Amino acid sequence: MATLGRVSRALLRSSLTQARRQLSASVGGHSGLAEKWRMLSFLVAIPGVAVCMLNMYLKQQQHSHEQPEFIPYSHLRIRTKPFPWGDGKKSLFHNPHVNALPDGYEDAHE
């Protein structure tokens, strides 16, 4: 049993030594690769994010801000018990312009 322990420790030491050598060789030998990724970040990633932001801004400008028509579907807005906050009808992140109550939008009642 002691022999098995010595053999396993020797194998572990040799594998750790090899891993350290590979790690130190990879750090010193790939400085050009780090520069390549740095340049890709500045020349591809940042302009890509800027183009996506511009796309979303332009789409938001075209978006209609009208309230959708209320259709009282029986399978939507089911309230079996009231919410534990407020008047019990509105969800926690309720938006009166977009989220309808079971009997319609709030603006229609006023």
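A few remarks follow.
- Some residue of region 27-42 being at pLDDT below 75 and loosely packed, with under 10 Cβ neighbours inside 10 Å: yes
- Of the residues making up region 61-79, those that are surrounded by 10 or more Cβ atoms within 10 Å (Cβ to Cβ) and out of contact with any strand residue (DSSP E or B) (no Cβ under 6 Å at 6 or more places or on another chain) number 5.
- Flag if Gln67 is outside any loop (DSSP other than H, G, I, E, B), within 24 Å of Asp107 (Cβ to Cβ) and of a type in the set (S, T, N, Q): no
- Annotation: of all residues in region 80-110 being aliphatic (A, V, I, L, M) and surrounded by 10 or more Cβ atoms within 10 Å (Cβ to Cβ), the one that is farthest from the chain's Cα centre (by Cα) is Ala108.
- Criterion violated by Arg9 - all others in (1) at pLDDT 90 or above; (2) surrounded by 10 or more Cβ atoms within 10 Å (Cβ to Cβ); (3) basic (Lys, Arg) satisfied: (1)
The values are calculated or read from the model by the stated rules, or taken from the named source; none is laboratory data. From a predicted model like this one, the values you see are computed outputs, not experimental measurements. All Cβ positions, even for glycine, are placed from backbone atoms using ideal geometry, and neighbour counts span all protein chains on display.
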